[in-house]
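Before any comments, here is the structure.
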Amino acid sequence: MSERPRVAVFRPDDERMAQAIEMLESLAVKPVPDPMLEIRPTGATPRTDAAVTILTSKTGVELAEGWAPGDTRLVAIGPSTAEAAENAGFEVDLIPDAYTSAGLVGALADSVAGERVEVARSDHGSTVLTDGLNEAGAYVHETVLYELTTPADAGESVELAAAGELDAALFTSSLTLEHFLAIASERGIEAEVRAGLAQATVGAIGSPTAETAASMDLSVDVVPADADFEALARAVVAELD
């Protein structure tokens, strides 16, 4: 029997990685867990005086411990963030149709002029959101709940790609892609890594990540219709069959 395809997954080293490994194993591939993001909480919490508060990740919800939405209109970027908020006892008022910064701007642009809008997220949040809300006439305040850094032991998948031994990669954010290629550059094997990825099936969780890949001259083979990990994993594995 031939060896199962090796599929790199870059989720943070918590329950999300455990769930990703379990899913990939159920799809008869060999997971290569290689966390590209380490979460460092800042200790900050969202403001309490905003008319609208936007939460952009499950992690952000979890780190907003002790905070209460009060009368703010609570907006979650997508279903997983909304589920985390509801599990924390928050009532979510809005989820955009597109689970992206642009989707949030589109959903809110007509209703935030003259309003204070609180954006609570990581230190690597897209300016598409804050710029778009400012252009819509909102008074935008951003609270950084956590910083995203590269784990010191990341890079196993980078070495496999350089050796031509990686069959697929599941990039779940622009930052995972940026950290992956930064490691390749730091180790002096970027050309080999790019060649290895060109022979592999590269998946991006959504259009922002795919656009980041394009800006870095990296081809993406799969972008699922739904921007969630399960859809990404299933679509990429289907390409391997």
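The values are calculated or read from the model by the stated rules, or taken from the named source; none is laboratory data. Source: prediction; values computed, not measured. Here Cβ is always computed from backbone atoms with ideal geometry, including for glycine, and neighbour counts include all displayed protein chains. Side chains are part of the model used for accessible areas, which takes the heavy atoms of the whole protein and leaves out ligands, DNA and RNA. Shrake-Rupley method; radii C 1.70, N 1.55, O 1.52, S 1.80 Å.
Computed FRET efficiency, Cβ-Cβ of Glu190 and Arg116, R0 45 Å: what is it to the nearest 0.05? With a Förster radius of 45 Å, E is 0.55.
Local charge sum around Ala107 (other residues, Cβ-Cβ under 12 Å, Lys/Arg +1, Asp/Glu -1)?
On the way: positive: Arg73; negative: Asp93, Asp97, Asp110.
Summing Lys and Arg as +1 and Asp and Glu as -1 gives -2.
Sites listed here are trypsin sites (Lys or Arg not before Pro) in the range 103-206 whose DSSP assignment is loop and whose Cβ has at most 15 other Cβ atoms within 10 Å: Arg187. Assuming charge only on the beta carbon of Lys and Arg (+1) and of Asp and Glu (-1), the dipole of the chain about its Cα centre is about 100 debye to the nearest 20. Span-like helix check, the chain: qualifying full DSSP H segments, with Cα axial length of 15 Å or more and mean Kyte-Doolittle of -1.0 or more, are 15-26, 174-186, 229-240. Full extension of the segment from Asp228 to Ser207, taken as 0.36 nm per residue of separation minus the current Cα-Cα distance, would add 6.4 nm. Extension gain for Ser219-Leu240 works out to 5.9 nm (0.36 nm per residue, less the C-alpha to C-alpha distance). Count Lys and Arg as plus one, Asp and Glu as minus one, and take only other residues whose Cβ is under 9 Å from that of Met36; the net charge is then -2.
For Ile95, the accessible area of its heavy atoms, probed at 1.4 Å with every protein chain present, is near 70 square angstrom. Of the accessible area of the range 93-222, computed with a 1.4 Å probe over protein heavy atoms only, carbon and sulfur atoms account for 44 percent. Can you give the helix-only mean residue ellipticity at 222 nm for the chain, where every DSSP H stretch with n ≥ 4 adds -39500 (n - 2.57) and the sum goes over all residues, rounded to the nearest 500 deg cm²/dmol? Mean residue ellipticity, 222 nm, calculated: -11500 deg cm²/dmol.
Here r is the Cβ-Cβ distance between Gln199 and Asp49 and R0 is 41 Å; the resulting FRET efficiency, rounded to 0.05, is 0.15.
What shape does the range 120-206 take by its C-alpha gyration tensor, where a ≥ b ≥ c are the square roots of the eigenvalues and a/c under 1.5 counts as rounded, a/b above b/c as prolate, and the rest as oblate?
Numbers: a/c = 3.32, a/b = 2.29, b/c = 1.45.
Because a/c hits 1.5 or more and a/b exceeds b/c, the range 120-206 counts as prolate.
Matching the structure-derived Rg and Dmax of the Cα atoms in Å against the labelled list (1) 20.1, 59; (2) 18.5, 74; (3) 18.7, 64 gives the label (3). Using the Cβ-Cβ distance between Ala88 and Asp131 with R0 set to 30 Å, the FRET efficiency works out to roughly 0.55.
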